[in-house]
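Undergrad: Before I ask anything, let me first share the structure, which is written out below as structure tokens.
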Amino acid sequence: MESLGSARLDPAPNRVPARNLDPWPAPSPPPRGGGRARRSRRQGNLLVAPALAVVAIVTLLPIAFSVFMSFTDPAAGPDGFTFTWVGTENYQSVLGSEVFRHAVQFTVLFTVITVIIEMSLGIAVALVIDRMTVGRSFAIASMLVPWAVITVISAQLWNYIFNGVYGIANALLMWLHLIDEPTSFLSTPNSALIALGMADVWKTTPFVAIIALGGLQMIDRELYQAAAIDGAGPVARFRAITLPLLRPALVTALTFRVLQSFGLFDLPFILTHGGPGHTTETVGVLAYDVLFGDLNFGAGAAISSLTTVMVLIAALVFFKVFGFAKEVADRG
Amino acid sequence: MGRSRFAEALRPANLLGYALGIFFLLPVIWLVITGFTPPKGLGKFPPDLLPWPPSLTNFSRAFGENDFLGFLINTVIVGVVTTVLVLLLGIPAAYALARTAMRGKAAILIGLVTISMFPPIGVIPPLYVGLRTIGWLNSYQALVLPYLAFNLPFAIWILRNTFREVPEEIEQAGEIDGAPTWRIIVQLVVPQAVPGIFVAGIFTFVACSTEFLMALSFNTNSDVQTVPVGIALFGGQFEMPYGTIFAASAASLLPLVILVLVFGRWIVSGLSQGSMKG
């Protein structure tokens, strides 16, 4: 792996620092200015190459291939796939279809609604936990449970909770006298959206809360005392100290949430399967149905490629707006 | 003393915190209760909040007639193999990005973050074609390979942050002795970075055990399917077998919940690290 492979290694590393006390200069490394840096560079390239190769072969290469597929009519045969070039035909049919346009609209709408709720709720939860003096680890542990719950299980669970005949949501609303008889939540578009939103908010608010809590705990408490002495009330302190200092944490949570939400699949696939009709169909669910339901790999590849492009554009916008990339570069 | 402690525990912020904790736990508690509800009690309205006596019928259906154990075993195999591979490839890469003088480190890191945000649906059609062409559909490697690639970026990110915290003198000592880089990593850096390596490993394992889209698309044979697919396909012809579904779900969530409770502090630090520093 390296030219110095045969060199000796002190078997007891904890004795090594004693060498620093050695009055005589160490015999190695040779003090040739650029050589060391060059070796370190080459070493770095070698160490990073296998991981980057795997990532590139399994993510970047397929994305490029997906774009190629989207201009063809792929057909599965006994000897593998054949690809017949069809130009922009797939894109014309996808972009021209009402179902696709609706899926994009729904995905964007759902992302905006749930992310706004999750960010506000997540910050609120973090502020509460940050002020807890007893039982804080209980609160944090219970936040981690929804985070670790398999989304498919969460979707089945909320499907059961919102069951139109015997779901506990109906029992609760009737007990509160908000409704008189069980309603079928998943068969009207608006209540199906609410059911999906509840399930999503329950599962991902803890993610935002934990990131926000990490940010809160890095804020110097003395700032608040100083502001209080200057006569700043709780709201003023929140706006002048908490929010600006929490910004990096919130930006990251927001970026991750928005981009993940664009690829939303598990939850709508199980909880509503895009229904009623196509009203809660996300781009991800539509792509899956076109691929494995209609077995239309050309159109499926077109939808997949369009989804990737949309997420990429959104990522670049976020990086640009929040200076995300610059921050990474500075730290790198 | 005990009294003031009790008064402290009843402060509004604490009470609100307990309430929030219970609110986030409630759906999972309802899941577990449903798992123990006798099949007869499942269609009741309003439902019994605490059906007594608890019944194990759903569990025997899940693990007997539906052979759910196979899904759990597949999940553990895919998760463990992927996690080991992610660490084997991720540790050297993260070391290079944390410590060496290589060029383009910032660009690589930004690229990795961007890739980790890509929607998996974008690679489903080409990967399906590729896996089918090399005859890998319906196999463990059909999942291990994409899980490896999709989890490496975040793992590298976490590991790099951890390695940067390791005092550089430790490696310099090794370098002065002329030790090869791989030995410096294995013998000097890794022992100092165990918490971060655990965090990267737990995140990878949890991600593999919960992933659904690829698992559903690439493996249609139940011999190699993982838990999320098993739970999703439990659907009955006319009636959803919720009792069986939630008995199987409770059994699948138990190891994940234990993992999360035991390593909670590390997971929290991993989540906030991955975010604070990028």
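Undergrad: So which residues in the stretch B:88-106 are at the interface with another protein chain (Cβ under 8 Å from one of its Cβ atoms) and not basic (Lys, Arg)?
TA: Listed by number, the residues that qualify are B:LEU89, B:GLY90, B:PRO92, B:ALA93, B:TYR95, B:ALA96, B:LEU97, B:THR100, B:ALA101, B:MET102, B:ALA106.
Undergrad: Residues B:GLY201, B:GLY178, B:GLY243: which one is touching a Leu at 6+ places or on another chain (Cβ under 7 Å), at pLDDT below 90 and not aliphatic (A, V, I, L, M)?
TA: From the options B:GLY201, B:GLY178, B:GLY243, the qualifying one is B:GLY178.
Undergrad: With respect to B:PRO125, is the statement that it is buried (at least 23 other Cβ atoms within 10 Å of the Cβ), within 23 Å of A:PHE83 (Cα to Cα) and free of Cβ contacts under 8 Å to residues at least 12 places away in the same chain true?
TA: yes
Undergrad: Against the conditions (1) small (Gly, Ala, Ser); (2) modelled with pLDDT under 95; (3) under 17 Å from A:VAL115 (Cβ atoms), where does A:GLY284 fall short? Just the number, please.
TA: The failed condition is (2).
Undergrad: Something else now. Out of the residues in the stretch A:253-276 meeting the condition of being in contact (Cβ under 8 Å) with a residue 60 or more places away in the chain and facing chain B (nearest Cβ under 7 Å), tell me which one is farthest from the chain's Cα centre (by Cα).
TA: Per the stated criteria, the residue is A:ILE270.
Undergrad: Still on this structure: Can you find, within the stretch B:57-75, the residue that is farthest from the chain's Cα centre (by Cα) among those that are closer than 12 Å to B:SER252 by Cα and free of Cβ contacts under 8 Å to residues at least 40 places away in the same chain?
TA: B:LEU69
Undergrad: Can I ask one more? Where in the stretch A:136-223 are there helices (runs of 4 or more DSSP H), lying wholly inside it, with at least 3 residues that are over 17 Å from A:VAL125 (Cβ atoms)?
TA: Values: elements: A:136-148, A:151-161, A:168-175, A:189-216.
Because the criterion is at least 3 residues that are over 17 Å from A:VAL125 (Cβ atoms), the helices (runs of 4 or more DSSP H) in the stretch A:136-223 that meet it are A:151-161, A:168-175, A:189-216.
Undergrad: Among the residues of the stretch A:56-98, count how many are among the small types (Gly, Ala, Ser) and part of a loop (DSSP other than H, G, I, E, B). Spell out how you get there, then give the answer.
TA: Of the stretch A:56-98, the ones among the small types (Gly, Ala, Ser) are A:56, A:64, A:66, A:70, A:75-77, A:80, A:87, A:93, A:96-97.
Those left that are additionally part of a loop (DSSP other than H, G, I, E, B): A:70, A:87, A:97.
Here the count works out to 3.
Undergrad: Which count do you get for residues in the stretch A:120-165 that are aromatic (Phe, Trp, Tyr) and over 19 Å from A:MET198 (Cα atoms)? It would help to see each step written out before you state the result.
TA: At the first step, the residues of the stretch A:120-165 found to be aromatic (Phe, Trp, Tyr) are A:138, A:147, A:158, A:160, A:162.
Restricting the remaining residues to those that are over 19 Å from A:MET198 (Cα atoms) gives A:138.
Number satisfying all stated conditions: 1.
Undergrad: Would you mind stating whether B:PHE118 is over 18 Å from B:VAL81 (Cα atoms) and either facing chain A (nearest Cβ under 7 Å) or free of Cβ contacts under 8 Å to residues at least 40 places away in the same chain (or both)?
TA: yes
Undergrad: Within the stretch B:141-241, which helices (runs of 4 or more DSSP H) (wholly inside it) include 2 or more residues that are more than 9 Å from chain A (Cβ to nearest Cβ)?
TA: Correct list: B:141-165, B:168-176, B:194-210, B:213-218.
Undergrad: Give B:LEU42, B:LEU31, B:LEU85 a once-over and let me know the one that is over 24 Å from A:ASN159 (Cα atoms) and within 9 Å of chain A (Cβ to nearest Cβ). It would help to see each step written out before you state the result.
TA: Values: B:LEU42 fails: over 24 Å from A:ASN159 (Cα atoms); B:LEU31 fails: over 24 Å from A:ASN159 (Cα atoms).
That would be B:LEU85, the only listed residue that is over 24 Å from A:ASN159 (Cα atoms) and within 9 Å of chain A (Cβ to nearest Cβ).
The values are calculated or read from the model by the stated rules, or taken from the named source; none is laboratory data. Note that the coordinates shown come from a computational prediction; the quantities given were computed from them, not determined experimentally. Cβ: placed from backbone, ideal geometry, glycine included. Neighbour counts: every protein chain shown.
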